[in-house]
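Trainee: Dropping a structure here in structure tokens format, bear with me for questions.
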Amino acid sequence: MIAGTCKALAASLLVLLATGCATKQQKSYDYSEFRAARPASILVLPPVNNSAEVIAPYGILAQATQPLAESGYYVIPVSLAAETFKQNGLSNPADIHELPVPKLREIFGADAALYMKITSYGTSYQVVQSETLVAAEARLVDLRSGKLLWQGSARASSLEQQQQNSNGLIGMLVAAVVNQIVSTTSDASYKIAGITSYRLLGAGNHNGLLYGPRSPYYQKN
């Protein structure tokens, strides 16, 4: 009797946990501030790098403009922004992120600024497999009011497309070593960073950015 009761309770707990997870996943982002602000132009700030790879900010920043432009926004050229910061003695992304919002608005004239933080970037070797992982977070802040319009995160991994090796453990070990060498010599992280950028900054994704005024889907999602 006790064993049966415990099993029933365990089953009920699993159902509740599954229901809770589903509810959490389905929760939608509150876009009220975003819709009210209607930003048309975005200034992309240099990403803060919390990964161990020094090249990570370049891999993310170089691929941030396209998904934003395709989503219907005018993006301040990142090279122009970088040169402007440099001319003013600013090269550290963390320091740039601390600049007053009105000052960014005054210099660049953009409606909003995108603040990004890289949490993972690079390839790691894990006994029977190697993984190239890129993960990042972002915040969109209105430069006219200082309000947070949107925030989100995204990740992409080489393991998503990696097929199970059918040659046993030895084959998996060899494949992992080969993948590690290829990833190191060809900077596979750059490709994965591109996928992460689209997932993070492409409009239309669940809880992602809204479409901008240059998109035919503007105010339709």
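Trainee: Can you pull out every residue in region 90-106 that is under 23 Å from residue 62 (Cβ atoms), surrounded by fewer than 16 Cβ atoms within 10 Å (Cβ to Cβ) and at pLDDT 95 or above?
Mentor: As a first pass, look at region 90-106 and keep what is under 23 Å from residue 62 (Cβ atoms): 90-97, 99, 104.
Imposing the further condition that a residue be surrounded by fewer than 16 Cβ atoms within 10 Å (Cβ to Cβ) reduces the set to 90-92, 94-95, 99.
Once the filter is applied, which keeps residues that are under 23 Å from residue 62 (Cβ atoms), surrounded by fewer than 16 Cβ atoms within 10 Å (Cβ to Cβ) and at pLDDT 95 or above, region 90-106 yields 90, 92, 94, 95, 99.
Trainee: Next question. Any idea which residue in region 44-79 is surrounded by the most Cβ atoms within 10 Å (Cβ to Cβ), counting only those that are among the aliphatic types (A, V, I, L, M) and part of a strand (DSSP E or B)?
Mentor: So in region 44-79, the residues among the aliphatic types (A, V, I, L, M) come out as 44-45, 48, 52, 54-56, 60-62, 64, 68-69, 75-76, 78.
Next cut, part of a strand (DSSP E or B) only: 44, 48, 75.
On the way: 44: 24, 48: 19, 75: 21.
The selected residue is 44.
Trainee: Please work out which residue is surrounded by the most Cβ atoms within 10 Å (Cβ to Cβ), limiting yourself to region 122-148 and to residues that are hydroxyl-bearing (Ser, Thr, Tyr) and at pLDDT below 95. Please lay out each step first, then the result.
Mentor: Keep residues of region 122-148 that are hydroxyl-bearing (Ser, Thr, Tyr), which gives 123-125, 130, 132, 145.
Retained after the next criterion (residues that are at pLDDT below 95): 123-125, 130, 132.
Values: 123: 20, 124: 13, 125: 14, 130: 23, 132: 26.
That would be 132.
Per-residue answers, yes or no, for (1) crowded, with 19+ Cβ neighbours inside 10 Å; (2) at pLDDT 90 or above; (3) touching a Leu at 6+ places or on another chain (Cβ under 6 Å):
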| site | (1), (2), (3) |
| --- | --- |
| 166 | no, no, no |
| 172 | no, no, no |
| 179 | yes, no, no |
| 183 | yes, no, no |
| 189 | yes, yes, no |
| 197 | yes, yes, no |
| 203 | yes, yes, yes |
| 208 | yes, yes, no |
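Trainee: Taking the condition of being touching a Pro at 6+ places or on another chain (Cβ under 7 Å), among the charged types (D, E, K, R) and closer than 18 Å to residue 198 by Cα, how many residues in region 67-114 meet it?
Mentor: So the count comes out to 0.
Trainee: Are there any pairs, at least 6 apart or on different chains, whose C-beta atoms fall under 8 Å, with the first in region 105-122 and over 26 Å from residue 50 (Cα atoms) and hydrophobic (A, V, I, L, M, F, W, C) and the second in a strand (DSSP E or B) and modelled with pLDDT of 95 or more, and if so, which?
Mentor: If the second residue must be in a strand (DSSP E or B) and modelled with pLDDT of 95 or more, the pairs left are 108/43; 110/41; 110/42; 110/43.
Trainee: Would you mention how many residues in region 80-104 are within 20 Å of residue 54 (Cα to Cα), over 21 Å from the mean Cα position of the chain (by Cα) and not in a loop (DSSP other than H, G, I, E, B)?
Mentor: Total satisfying the criteria: 3.
The values are calculated or read from the model by the stated rules, or taken from the named source; none is laboratory data. These figures come from a predicted structure and were not determined experimentally. Here the Cβ is made from the backbone with ideal geometry for all residues, glycine too, and neighbour counts use every protein chain on show.
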